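Values quoted throughout were computed directly from the atomic coordinates according to the rules given, and no laboratory measurement underlies them. Just so you know, these numbers come straight off a predicted model, no measurement behind them. Positions of Cβ are generated from backbone atoms using ideal geometry, with glycine treated the same way; all protein chains shown enter the neighbour counts.
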Amino acid sequence: MLTNRQLFLDHLAQTTDFPLMIEIVNAEGIYMYDPDGKAYIDLISGIGVSSVGHRHPRVVAAAKEQLDKYMHLMVYGEYVQSPQVKLAEAITKTLPDNLDAIYLVNSGSEAVEGALKLAKRYTGRPHILSAVNAYHGSSHGALSAGGNEIFKRNYRPLVPGHSHIPFNDMAALEQINNQTAAVILETVQGEAGIRVASQDYLSAVRKRCNDVGALLILDEIQAGFGRTGKFWAFEHYDVVPDIVVSAKGMGGGMPIGAFISSKAIMDVLKENPILGHITTFGGHPVSAAASLAALQVTIEEKLPEQVAEKAALFKQQLKHPKIKEIRNLGLMMAVAFESFEVLKPIIDRAIELGVVTDWFLFCDNAMRIAPPLTITPEEIKKACSLILQAIDEVTD
Ligand code: PMP
């Protein structure tokens, strides 16, 4: 009989030459377990997803309760479904007053697609500006907004009307003009290897958008839902976007995403001819129920409030001559080494020692650290000591 690992290689379409290839049969809290019962600390939360930990009991209970009532009933936006409206109400409460209409979708990429379409339709303008090294997703529109040429070149022609400005660069902001439908930015660039928007920069982008009538879209797909120490990363800034996009941690481990704006802006999507954004599974009731539970856990367990202290503990523990720099906003961290050649064996050895990390799409010399926000100080110390052991064992 073929093993699951062989079946993985034989029949699952591959995304990379070197998949992590860990087989997991069970996961709980910060831990994942392989078929032999070996425990792995998940320091990347399945790329920023399991912020409340794997299988948080309240998330599991909410999903099970919903499974016993109904699963898919109808495409998004037709029937009144309690999990969707309860989730929308709860998310609205976390946001400024102008962000009061939530469009539920399936994923981050789809949320970005929706946001870009909304901005074009609302403003009637053709151009979207995004940042160099931005990552907004893998579908055609989201990829067009992405700011890394290497990842785009095999898919041209992409969607026209997209251009890119250097992140955190004030001088480039004059490119935002009266043809710009929207500027889309990650509040903290994730796949670029954790690059935090500066206060002055985001304020200046906001002002320039106001001056020329462009919308500001903030992509909080990695940074939102508590990861940076505020429920939304833009709360660190004196800036309110016109549209927010969310996914990943939003679902507590279930697939869901959203683009969020004001009712006034969002209402253009229902004008005739309709075809605003149609999604069959968007806001799936089981995902929506899980998402509401994840949101409640995040707020009631005061997870964002603990983030700064936990991030500081990581930084204090991860001191080593091979570590060149640690960039972070809260528990969105990049631990930089000299090169990928130095980093890769460290990651491989750390996995053998029972700690899972990886690197970033556009920054392969930095280790990604984005643990469940529920991680305890003892668990942080244990994970860091294993990483330091890995560094010592594979470097000279
Ligand atoms: N935006 C950002 C900032 C992301 O990090 C990601 C996923 N890494 C996406 C969008 C796309 O999300 P998804 O993979 O759910 O389509």
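Do you know the relative contact order of the stretch 160-242, to the nearest whole percent, from alpha carbon pairs under 8 angstrom that are 6+ apart? Write out the running numbers ahead of the final one.
On the way: 107 pairs, mean separation 25.2, N = 83.
Once divided by the residue count of the stretch 160-242, the mean separation gives 30 percent.
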* Among G282, Q296, Q316, which residue has its Cα positioned farthest towards the positive end of the charge dipole of the stretch 270-327, with +1 placed on the Cβ of Lys and Arg, -1 on the Cβ of Asp and Glu, and the dipole taken about the Cα centre? -> Q316
* **Lys, Arg +1 and Asp, Glu -1 on Cβ, resulting dipole of the stretch 58-300 about Cα centre, debye, nearest 20** => 360
* To do: Name the residue farthest towards the positive end of the dipole of the stretch 1-86 from the options P83, G29, L12, assuming +1 on Cβ of Lys and Arg, -1 on Cβ of Asp and Glu, about the Cα centre.
  => P83
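How high is the relative contact order of the chain? Use alpha-carbon pairs under 8 Å, at least six apart in sequence, and give a whole percent. Walk me through the intermediate numbers first.
Values: 822 pairs, mean separation 89.7, N = 396.
RCO, the chain: 23 percent.
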* Asked: Ranked from highest to lowest mean number of other Cβ atoms within 10 Å per residue, what is the order of the peptides 40-49, 8-17?
  -> 40-49, 8-17
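Which of the chymotrypsin sites (Phe, Trp or Tyr not before Pro) found in the stretch 76-114 are in a DSSP loop and have at most 15 neighbouring Cβ atoms, other than their own, within 10 Å?
Details: sites: Y76, Y79, Y103; in loops: Y76, Y79.
Sites meeting the loop and neighbour criteria: Y79.
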* Asked: Separation of the stretch 255-324 and the stretch 185-207 by C-alpha centroid, Å?
  -> 17
* Structure fact -> Between V105 and residues 5 or more places away or on another chain, the pairs with built amide H atoms under 5 Å apart involve G257, A258, F259, G283
* To do: Could you tell me how many degrees, from 0 to 90 and to the nearest 10, lie between the Cα long axis of helix 199-212 and the main elongation axis, the longest principal axis, of the Cα atoms of the chain?
  => 20
* **For A366, distant residues with modelled amide H under 5 Å away** => F337, F360
* Structure fact -> In whole Hz, the Karplus estimates of ³J(HN,Hα) for the stretch 158-163 (6.51, -1.76, 1.60; θ = phi - 60°; x where Gly or Pro) are 8, 5, x, x, 9, 9
* Structure fact -> Nearest 10, in degrees from 0 to 90: the angle of helix 82-93 to the longest Cα principal axis of the chain is 90
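Restricting to the stretch 242-396, what percent of DSSP beta bridges are antiparallel, rounded to 5? Intermediate values should be presented prior to the final figure.
On the way: 14 of 15 bridges.
Bridges in the stretch 242-396 that DSSP calls antiparallel: roughly 95 percent.
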* To do: Could you check what % of the DSSP bridge pairs in the stretch 135-249 are antiparallel, to the nearest 5?
  => 20
* **Packing-based ranking, highest mean first, of 146-153, 277-284, 326-333 given that Cβ atoms within 10 Å are counted** => 326-333, 277-284, 146-153
* Structure fact -> Reduced to Cα centres, the span from the stretch 339-363 to the stretch 16-80 in Å works out to 23
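Counting other Cβ atoms within 10 Å, which trypsin sites (Lys or Arg not before Pro) in the stretch 45-80 have at most 14 and lie in a DSSP loop? Please report the intermediate quantities before stating the final value.
Working: sites: R55, R58, K64, K69; in loops: R55, K69.
The qualifying sites are K69.
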* Can you list residues whose amide H is under 5 Å from H164's amide H, if they're 5+ apart or on another chain and H is modeled 1.01 Å from N? -> S130
* **Acute angle (nearest 10 degrees) that the helix 285-300 long axis makes with the longest principal axis of the chain, alpha-carbon atoms** => 70
* Structure fact -> HN-Hα couplings for the stretch 242-257 via Karplus (6.51, -1.76, 1.60; θ = phi - 60°), in whole Hz with x for Gly/Pro, come out as 8, 9, 10, 10, 9, 5, 6, x, 4, x, x, x, 10, x, 6, x
